[in-house]
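The values are calculated or read from the model by the stated rules, or taken from the named source; none is laboratory data. All values reported here derive from a predicted model rather than from experimental measurement. We place every Cβ from the backbone using ideal geometry, glycine too, and count neighbours over all the protein chains shown.
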């Protein structure tokens, strides 16, 4: 009898939304469960089987010394390691702390800061161990997740769209919110995957799927500024769910206001 590949799903600092995307596959989940042995997935089952694991999906960022050690154990136990979601691929929304002094937050929030063990920064999994593939999103697209599972179980590279949200708008016949309404939008520099849901409701893209492969963030910032968007607002736009993804981080730092005031949504 052929052994089923062992699948493990791990959680670090995160909201569990990307793990729930797997459970949200509904009918497709039955096929996944039939093709693999779900050996470790506390979100879905109390059953735990020892590794090594053929494929590990990792959600969440590294924010504590304990997790910085644990991710190495996960890597050693995994033949293939795939990170899922903005937290695992870019540090997540919690990486906003990276632009300030985390000790100030700890002293403000906790009555006994001495008991809190945390790292100075929230970082992506790839900053600590080798990663075989990164699946972006906040949360991830469940169809893309199924593609990743299928690809690695069949020994091929996953095929996910390399284009930007702007292309998704065109594919769905959505009018450009920047051109039609002057609404600031990150769609031109953001990886596709959401189906352009925000522009579909006449709202600018928030960059949930992180920077596309070759984002021209500087050109987009210049356009925002030429349209009267304050530098502070431009910084805020790049500092969202993927604030510490390198292209977004560098652009937000380049746009730090120097004595400017005013804002525009």
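Checked against the criterion of being modelled with pLDDT of 95 or more and surrounded by fewer than 17 Cβ atoms within 10 Å (Cβ to Cβ), the candidates 245, 219 yield just one match: 219.
Suppose we filter segment 1-30 for residues that are outside any helix (DSSP H, G or I) and farther than 22 Å from residue 87 by Cβ; how many remain? Step through it out loud before you land on a result.
First pass over segment 1-30, keeping only residues outside any helix (DSSP H, G or I): 1-16, 24-26.
Applying the additional criterion that residues be farther than 22 Å from residue 87 by Cβ yields 1-6, 26.
So the count comes out to 7.
Quick check, is residue 106 in contact (Cβ under 8 Å) with a residue 12 or more places away in the chain and part of a helix (DSSP H, G or I)? Here the answer is yes, as residue 106 does meet what is asked.
Determine, yes or no, whether residue 69 is in contact with a helix residue (DSSP H, G or I) (Cβ under 7 Å, 6 or more places away or on another chain), within 25 Å of residue 128 (Cα to Cα), assigned by TED's automatic domain parsing to the domain that holds residue 117 and without any contact (Cβ under 8 Å) to a residue 40 or more places away in the chain. Give the derivation first.
Values: in contact with a helix residue (DSSP H, G or I) (Cβ under 7 Å, 6 or more places away or on another chain): no; within 25 Å of residue 128 (Cα to Cα): yes; assigned by TED's automatic domain parsing to the domain that holds residue 117: yes; without any contact (Cβ under 8 Å) to a residue 40 or more places away in the chain: yes.
When the stated conditions are applied, residue 69 does not pass them.
Taking the options 44, 33, name whichever one is over 18 Å from residue 245 (Cα atoms), over 19 Å from the mean Cα position of the chain (by Cα), without any contact (Cβ under 8 Å) to a residue 40 or more places away in the chain and not in a helix (DSSP H, G or I).
Numbers: 33 fails: not in a helix (DSSP H, G or I).
Being over 18 Å from residue 245 (Cα atoms), over 19 Å from the mean Cα position of the chain (by Cα), without any contact (Cβ under 8 Å) to a residue 40 or more places away in the chain and not in a helix (DSSP H, G or I) holds for just one of 44, 33, which is 44.
Given the structure, is residue 189 modelled with pLDDT under 95, outside the structural domain of residue 131 (by TED's automatic domain parsing) and within 21 Å of residue 215 (Cα to Cα)? No, not satisfied.
Can you tell me which residues in segment 47-82 are over 22 Å from residue 5 (Cβ atoms) and in a loop (DSSP other than H, G, I, E, B)? Scanning segment 47-82 gives 60, 63, 64.
Quick check, is residue 96 modelled with pLDDT of 95 or more and not in a helix (DSSP H, G or I)? Criteria not met by residue 96.
For the criterion of being outside any loop (DSSP other than H, G, I, E, B) and farther than 22 Å from residue 191 by Cβ, residue 114 passes.
Residues to consider are 79, 50; find the one that is without any contact (Cβ under 8 Å) to a residue 40 or more places away in the chain, touching a strand residue (DSSP E or B) at 6+ places or on another chain (Cβ under 9 Å) and exposed (fewer than 13 other Cβ atoms within 10 Å of the Cβ).
Details: 79 fails: exposed (fewer than 13 other Cβ atoms within 10 Å of the Cβ).
None of the others qualify; the one that does is 50.
Checking 61, 56 one by one, the residue that is modelled with pLDDT of 95 or more, farther than 11 Å from residue 85 by Cβ and either buried (at least 17 other Cβ atoms within 10 Å of the Cβ) or within 21 Å of the chain's Cα centre (by Cα) (or both) is 56 and no other.
Take residues that are closer than 25 Å to residue 14 by Cα and tell me which of the helices (runs of 4 or more DSSP H) falling wholly in segment 128-233 contain 2 or more. Working first, answer last.
Details: elements: 142-153, 165-171, 177-181, 197-200, 217-226.
The helices (runs of 4 or more DSSP H) meeting that bar are 142-153, 197-200.
Would you mind finding the one in 39, 44, 13, 35 that is surrounded by 14 or more Cβ atoms within 10 Å (Cβ to Cβ) and out of contact with any helix residue (DSSP H, G or I) (no Cβ under 8 Å at 6 or more places or on another chain)? That would be 39, the only listed residue that is surrounded by 14 or more Cβ atoms within 10 Å (Cβ to Cβ) and out of contact with any helix residue (DSSP H, G or I) (no Cβ under 8 Å at 6 or more places or on another chain). Taking segment 20-30 as the range and being on the phi < 0 side of the Ramachandran plot and without any contact (Cβ under 8 Å) to a residue 60 or more places away in the chain as the test, the residues that pass are 23, 27, 29, 30.
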